[in-house]
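Novice: To start, I am sharing the structure in question, which I have written as structure tokens.
The numbers here are math on the coordinates, done by the rules we state, and not lab data. All values derive from a computational prediction rather than experimental measurement. Virtual Cβ from ideal backbone geometry, glycine too; neighbours counted across all protein chains shown.
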Ligand code: HEM
Ligand code: SF4
Ligand code: FES
């Protein structure tokens with residue numbers, strides 16, 4: 001008993017050592033990225049219903065917004081995942097800047113790597129700016145209505161409020177424009193990130209054709225889906 | 001052909017360096033890049049100037065000593081070659097060629113184009129070996145069965161010559177292709193298993209200690225590596241480290 005406890009403890013200690021190493025940090029980065037990529041699928045699946053069924057969208061939004069499992073288990077994990085991912089992204093970027101030393105007078109990066117792979121921090125920063133905007137747009141008002149004013153009904157004027165609130169937001173062409181720019185950058189982030197995350201996890205699958213195709217499809221379909229939704233509601237209502 | 005060279009000159013490790021322009025004439029397209037540098041240095045010596053210091057040894061692409069960042073690429077624009085194997089026919093008459101030392105905080109400049117790559121040696125010493133007695137009682141190589149596939153992959157990894165082009169070309173100055181290759185050449189073979197856990201942990205720890213950056217999988221190293229070392233070796237190193245963490 002004591003022995004197993006001790007061995008569990010040493011294992012945990014060893015693991016913290018692992019996550020302090022350069023490779024451990026990369027693995028943690030990839031794990032958070034996998035979670036975010038999974039979340040994006042769910043988010044898009046919910047939002048896409050708004051294209052054809054106001055009721056279904058409202059039902060799903062209400063479920064996601066009030067289900068305790070989603071609200072108090074998944075949501076904190078998600079927020080932790082996002083924060084962890086970008087904080088780690090900054091840490092990696094700073095460490096790598098320090099490792100670089102004197103800059104080259106002439107450097108031909110395009111000869112050996114893609115623009116996306118060299119500019120993850122740039123695309124990441126745009127996504128971060130978007131996330132801030134997105135929180136101001138949707139998340140803070142939700143938290144305010146539900147947990148500060150205590151209105152968990154999801155109703156307004158005798159019907160569900162979610163669909164109308166969303167459509168309202170997409171009236172503004174500036175907001176729609178900002179969303180589109182952010183999603184294009186998200187696509188570029190994922191065009192490198194999707195397969196990169198497999199490599200970080202020690203899998204060579206990301207270097208095989210199947211996953212490269214899947215990565216390409218994912219990095220186009222997910223952002224494009226969100227863009228179509230924003231444009232649809234902008235022009236339809 | 002006639003060329004303009006823009007070369008990094010730096011007196012010693014403490015001096016502030018700068019790019020200096022030189023002209024060389026009548027360069028044969030059959031010369032190697034280092035031979036072209038020899039022509040320049042002869043010219044400089046004859047006119048009483050300090051020749052450009054650069055690393056080289058075998059001049060046949062096997063020792064890994066020659067370096068140089070040529071026109072924005074490690075070992076220049078050709079693929080699968082070191083600078084000594086780069087030929088002047090890759091350039092055109094009238095070209096301006098930029099020549100810089102390999103850059104990384106862990107590769108400080110010693111003089112001109114010569115950088116200190118002993119960080120690689122310290123990483124090797126941290127675990128890039130197997131502890132066997134080889135004095136006179138060597139076992140027959142065929143006594144240990146090894147699959148063709150594993151033998152080939154281990155051999156491919158072992159062709160790394162430790163030149164440092166992977167670090168020089170990496171936007172993060174990461175040494176993971178080098179360390180990945182050195183970890184892999186043993187991880188793939190039965191002889192490497194005994195020290196597998198310590199090896200990967202110690203080599204990665206030393207790599208971090210030397211101040212090399214974090215890989216972000218841009219893949220630039222694999223493209224610029226003169227020996228075509230595969231990114232698969234980095235994935236294998238990551239797996240080995242994960243395995244070691246739970247052992
Ligand atoms: C929903 C949002 C996001 C998703 C789905 C996402 C996805 C990914 C993926 C899949 C990777 C590759 C991981 C790896 O190579 O191991 C990655 C890397 C990266 N992400 Fe994000 N990301 C998101 C948001 C952000 C944000 C907000 C930042 C803020 C700066 C950011 C910064 C970075 C950086 C710097 C890297 C490169 C690190 C590396 O390749 O090792 N990301 N991201
Ligand atoms: S991996 Fe390739 S580029 Fe890096 S040190 Fe070895 S031979 Fe040179
Ligand atoms: S001098 Fe030996 S590899 Fe170029």
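Novice: Give me the percent relative contact order of segment B:118-246, please, defined on Cα pairs under 8 angstrom at least 6 residues apart.
Specialist: Working: 159 pairs, mean separation 44.8, N = 129.
It rounds to 35 percent for segment B:118-246.
Novice: Further question on the same structure: Helix-derived [θ] at 222 nm for chain A: sum -39500 (n - 2.57) over DSSP H runs of at least 4, divide by residue count, nearest 500?
Specialist: Details: 10 runs with 172 residues, N = 237.
Calculated at 222 nm, the ellipticity per residue is -24500 deg cm²/dmol.
Novice: If I model a spin label as a point 7 Å beyond the Cα along the Cα-Cβ vector, how far apart are those points for residue A:209 and residue A:28 in nm?
Specialist: 3.8 nm
Novice: With no solvent and one point on each alpha carbon, what is the Debye value of log10 I(q)/I(0) for segment B:3-111 at q = 0.10, 0.13, 0.18, 0.23 Å⁻¹?
Specialist: -0.27, -0.46, -0.92, -1.52
Novice: Among rounded, prolate and oblate, which fits segment B:7-48 when a ≥ b ≥ c are the square roots of the eigenvalues of its C-alpha gyration tensor, a/c under 1.5 means rounded, and a/b larger than b/c means prolate? Please report the intermediate quantities before stating the final value.
Specialist: Values: a/c = 2.46, a/b = 1.94, b/c = 1.27.
Prolate.
Novice: For the protein assembly as shown, what is the Kirkwood estimate of the hydrodynamic radius, computed as the reciprocal of the mean inverse distance between distinct Cα atoms, to one decimal in Å? Walk me through the numbers before you get to the answer.
Specialist: Working: mean 1/r = 0.0388 Å⁻¹.
Final number for the Kirkwood radius of the protein assembly as shown is 25.7 Å.
Novice: A further question follows. Quantify how strongly other chains surround peptide B:170-179 by giving the mean number of their Cβ atoms within 10 Å of each of its Cβ atoms.
Specialist: Working: counts 5, 10, 10, 6, 4, 2, 3, 0, 0, 2.
The per-residue average across the peptide is 4.
Novice: Could you please state, rounded to a whole Å, how far the C-alpha centre of segment A:99-160 is from the C-alpha centre of segment B:70-103?
Specialist: 41 Å
Novice: So if R0 is 22 Å, what FRET efficiency would residue A:129 and residue A:171 give, r being the distance between their Cβ atoms, rounded to the nearest 0.05? List each step's numbers first, then the result.
Specialist: Values: r = 21 Å, r/R0 = 0.96.
That pair, residue A:129 with residue A:171, gives E of 0.55.
Novice: Averaged over peptide A:167-180, how many Cβ atoms belonging to another chain are found within 10 Å of each residue's Cβ?
Specialist: Working: counts 0, 0, 0, 0, 0, 0, 0, 0, 0, 0, 0, 0, 0, 0.
Across A:167-180, the average partner-chain Cβ count within 10 Å equals 0.
Novice: Under a point spin-label approximation (7 Å from Cα along Cα-to-Cβ), what is the residue B:149-residue B:21 distance to one decimal in nm?
Specialist: Output for this residue pair reads 5.7 nm.
Novice: Of the residues B:172, B:202, B:133, which exhibits the maximal mean-square fluctuation in a Gaussian network model of chain B defined by a 10 Å Cα contact cut-off?
Specialist: Largest GNM mean-square fluctuation: B:133.
Novice: Moving on to the next point. Only counting other Cβ atoms within 10 Å, I'd like A:95, A:213, A:208 sorted with the fewest neighbours first. Present the calculation step by step, with values, prior to reporting the outcome.
Specialist: Details: A:95 17, A:213 10, A:208 13.
By the 10 Å Cβ count, ascending, the order reads A:213, A:208, A:95.
Novice: Another question, then. Roughly what would the spin-label model give for residue B:30 and residue B:49, points 7 Å off Cα along C-beta, in nm?
Specialist: A separation of 2.8 nm, rounded to one decimal place.
Novice: What order, most packed first, do the peptides B:27-37, B:159-169, B:105-115 have when packing is the mean number of other Cβ atoms within 10 Å of each residue?
Specialist: Highest-to-lowest ranking by the protection proxy: B:159-169, B:105-115, B:27-37.
Novice: May I pose another question? P(r) of segment B:54-122 in 10 Å steps, Cα pairs, percent per bin?
Specialist: 20, 51, 25, 3, 0
Novice: Given the options A:180, A:42, A:127, state which has the largest fluctuation in a GNM of chain A using a 10 Å cut-off (strictly under) for Cα springs.
Specialist: A:42
Novice: Something else: For residue B:14 and residue B:140, what is the calculated FRET efficiency with R₀ set at 56 Å and r taken between the beta-carbons, to the nearest 0.05? List each step's numbers first, then the result.
Specialist: On the way: r = 53 Å, r/R0 = 0.95.
Rounded to the nearest 0.05, the efficiency is 0.55.
Novice: Antiparallel as a % of all DSSP beta bridges within segment B:3-111, to the nearest 5? List each step's numbers first, then the result.
Specialist: Details: 12 of 16 bridges.
Rounded to the nearest five, the antiparallel share is 75 percent.
Novice: OK, next. Gaussian network model of chain B, Cα springs within a sub-10 Å range: biggest mean-square fluctuation belongs to which of B:82, B:118, B:138?
Specialist: Among B:82, B:118, B:138, the largest GNM mean-square fluctuation belongs to B:138.
Novice: Based on the alpha-carbon gyration tensor of segment A:40-120 and its eigenvalue square roots a ≥ b ≥ c, which shape applies: rounded if a/c is under 1.5, prolate if not and a/b is larger than b/c, or oblate? Write out the running numbers ahead of the final one.
Specialist: On the way: a/c = 6.74, a/b = 2.21, b/c = 3.05.
Judged from the Cα gyration tensor, segment A:40-120 comes out oblate (a/c at least 1.5, b/c at or above a/b).
Novice: When the convex hull of the C-alpha atoms of segment B:118-246 is computed, what volume per residue in Å³ does it have?
Specialist: Values: hull volume 14.5 nm³, N = 129.
Each residue corresponds to 112 Å³ of Cα convex hull volume.
Novice: Next up: Assuming a ≥ b ≥ c are the square roots of the Cα gyration tensor eigenvalues, decide whether chain A counts as rounded (a/c under 1.5), prolate (otherwise, with a/b larger than b/c) or oblate.
Specialist: On the way: a/c = 2.14, a/b = 1.37, b/c = 1.57.
It is oblate, given that a/c is not under 1.5 and a/b is not larger than b/c.
Novice: Could you tell me how many cubic angstrom of Cα convex hull volume segment A:166-237 has per residue? Kindly include the intermediate steps, with their values, before the conclusion.
Specialist: Working: hull volume 5.3 nm³, N = 72.
With only Cα atoms used, segment A:166-237 gives 74 Å³ per residue.
Novice: Right, another one. What FRET efficiency comes out for residue B:38 versus residue A:115 if R0 is 51 angstrom and r is the Cβ-Cβ distance? Round to the nearest 0.05. Don't jump to the answer; show the numbers that get you there.
Specialist: Working: r = 38 Å, r/R0 = 0.74.
Once rounded, the FRET efficiency stands at 0.85.
Novice: Another one. Let me know the mean shielding of B:201-212 by other chains, meaning the per-residue number of their Cβ atoms within 10 Å of its Cβ. Please report the intermediate quantities before stating the final value.
Specialist: Numbers: counts 4, 0, 0, 5, 4, 0, 3, 8, 0, 1, 4, 4.
Counting Cβ atoms of other protein chains within 10 Å of each residue's Cβ and averaging gives 3.
Novice: At a temperature of 37 °C and a viscosity of 0.692 mPa s, determine how fast chain B diffuses translationally according to Stokes-Einstein, using the Kirkwood radius over alpha-carbon pairs as Rh; express D in µm²/s, rounded to the nearest whole number.
Specialist: On the way: Rh = 19.4 Å.
Estimated diffusion coefficient is 169 µm²/s.
Novice: Just want the ordering: B:229, B:246, from fewest to most Cβ atoms lying within 10 Å of their own Cβ.
Specialist: Numbers: B:229 25, B:246 9.
Ordered by Cβ neighbours within 10 Å, fewest first: B:246, B:229.
Novice: On to the next question. Based only on other Cβ atoms within 10 Å, what is the fewest-to-most ordering of B:178, A:135, A:63, A:163?
Specialist: Values: B:178 31, A:135 15, A:63 12, A:163 20.
Ascending number of Cβ neighbours within 10 Å: A:63, A:135, A:163, B:178.
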